[in-house]
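Each reported figure results from applying straightforward, stated rules to the coordinates on display, with no laboratory input. Note that the coordinates shown come from a computational prediction; the quantities given were computed from them, not determined experimentally. Please note: Cβ atoms are built from the backbone with ideal geometry, for glycine as well, and neighbour counts cover all protein chains shown.
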Amino acid sequence: MKIFIDTANVDEIKEAATWGILDGVTTNPSLIAKEGRDIKEVINEICSIVDGPISAEVISLESDKMVEEALELVKLHKNIVIKLPMCIEALKAVKILTEKNIKTNVTLIFSSQQALLAAKAGATYVSPFVGRLDDIGMVGTNLITEVATIFKNHNIKTEIISASVRNPIHASECALAGSDIATIPFGVLKQMTKHPLTDIGIEKFLADYKNM
Ligand code: E4P
């Protein structure tokens, strides 16, 4: 499974990039707003740090406006992937952008039917949200299993980006479910490096060595 970082914070991206684990980056309007910076400026900087797919999300809700925004964003860098929120207008925009060989990521996917339609429209990626389904009392990772099974059964090439990953268990369950990619916040990536037995083991190795 490939790992993307889900943030618009360049310090986090710079740090995670040094770990050798990053395959790409996803952002969304909330993450950009949190940084209080212009989207183009942030995306430009991210593209200079990570050489992989970088999702930049449109904010329009009509297909022609989505396409217009997308055409501006793709001018920034060859690695830009246009992220669009799942809706009929986005499907229309995905069709147009796909015909222009522009990569797309259909986000806010909460059902396998939405994922199937986005894939049919030509989406390069779909982003099913795990944590937000958990938030409403559902098992978010079941959606990843369902979408992965459907895509496999029908030989659909669209890649699954598991999104709204909130903890290390989400990450391993998404991998087990057959997700192609998980986009993970920096804090969760840090948690994934840790295990109490590793810390105890390091302490013991060092103590034993000192007592030699
Ligand atoms: C995905 O691309 C989204 O940016 C993100 O994963 C949403 O996560 P959240 O539900 O924790 O806000």
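Structural remarks
- Separation in nanometres of the label points that stand 7 Å from Cα toward Cβ, at K157 and E72: 3.1
- Farthest toward the positive end of the dipole of the chain, out of F151, S179, V106, is the Cα of F151, where the dipole comes from beta carbon charges about the Cα centre.
- Taking N105, N155, N79 in turn, the Gaussian network model of the chain (Cα-Cα springs below 10 Å) assigns the largest fluctuation to N155.
- Distant-in-sequence amide H partners of V81 (H built 1.01 Å from N, under 5 Å): I54, S55, A56
- Whole-number percent relative contact order across the chain, with pairs defined as alpha carbons under 8 Å at least 6 apart: 17
- A simple count of charges around V165, restricted to other residues whose Cβ falls under 12 Å of its Cβ and scoring Lys, Arg +1 and Asp, Glu -1, yields -1.
- Region 2-210: equivalent-ellipsoid semi-axes (sqrt of 5 x gyration tensor eigenvalues, Cα, Å): 31, 22, 14
- Degrees, to the nearest 10: 39-49 long Cα axis against longest axis of the chain: 50
- Whole-Å semi-axes of region 88-160's equivalent ellipsoid (Cα gyration tensor): 22, 14, 8
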